[in-house]
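Notes for the one structure printed next.
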Amino acid sequence: MEERIFLKDENFLVVYKQQNEPMAVCTGLVKDYLGGKNLKPIYELETLACGPVVYALNKKTFDVLSALYKNKEFDFKFYAVTVGQPKQDSGTFSAYVTMDKKENKLIHIPQLNAGVENFGIIFHTLQKIQQIQLVKIEVNEILPETIRFAMADLNMPIFGDKAYNGDILAKNTNTALCLVDIRFKHPFKEEFLSFRAMVPETKPWNYFDLNKIFKLKIGG
């Protein structure tokens, strides 16, 4: 667990959640690492996504960081490999969505009603190689499946995401979605904190010149 820790102090901890690791498992491992200390995540990542997660180690810190998160004062940058011919390479996307329990995936809803989520993203294609693209996605909140839904709606489902037809090029592969950058204000100091993870060094990520892209693009 030690190698997965970005930062730890008396108030909060930032830890890397591995791909295909449920949040409950990640939280349990962190709790064991801290000797059974209670902790709460400020946000949660889907099981199939990897990236940094911020945990509060006491109620005061949780209240402060949760308020920042609810006010959309966290900045998140995801990276994804997508497939298909996108409607556009860069831009914004927003929608009202709800979970279709029969299909077990998000669907469009024309207006905001009870049980409906409203979300928006900013996306930018960094590199294309034949039928796949490396895409940066910026959000201020993390809602389950919304990024996957948005990319599919833009005709560029995430590689390996069988729920949204992202497995057309390869079956039974990991979904290529990773939270890479997070930035937020320190709960008790006048400073901002930034943390950066790397995407997995496996297919389809390694089809791209990641060293060049991350050096030139990741902070922008």
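The values are calculated or read from the model by the stated rules, or taken from the named source; none is laboratory data. Note that this is a predicted model, so its numbers are computed, not measured. Positions of Cβ are generated from backbone atoms using ideal geometry, with glycine treated the same way; all protein chains shown enter the neighbour counts.
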Condition first: free of Cβ contacts under 8 Å to residues at least 60 places away in the same chain and surrounded by 17 or more Cβ atoms within 10 Å (Cβ to Cβ). Now tell me which residues in the range 5-20 satisfy that.
L13, V15, K17
Kindly establish whether F149 is more than 13 Å from L48 (Cβ to Cβ), in contact (Cβ under 8 Å) with a residue 12 or more places away in the chain and aromatic (F, W, Y).
yes
Output yes when any residue across the range 27-34 is loosely packed, with under 14 Cβ neighbours inside 10 Å and farther than 25 Å from K185 by Cβ, and no when none is.
yes
Scanning for something of a type in the set (S, T, N, Q), surrounded by 15 or more Cβ atoms within 10 Å (Cβ to Cβ), over 30 Å from H186 (Cβ atoms) and at pLDDT 75 or above, does the range 89-103 turn up at least one residue?
no
Which one is modelled with the highest pLDDT among residues in the range 165-182 that are of a type outside the set (V, I, T), on the phi < 0 side of the Ramachandran plot and not in a strand (DSSP E or B)?
A176
In this structure, is I147 at pLDDT 90 or above, of a type outside the set (S, T, N, Q) and surrounded by fewer than 21 Cβ atoms within 10 Å (Cβ to Cβ)?
no
Output the residue which, of all residues in the range 152-164 that are surrounded by 16 or more Cβ atoms within 10 Å (Cβ to Cβ) and in a loop (DSSP other than H, G, I, E, B), is modelled with the lowest pLDDT.
L154
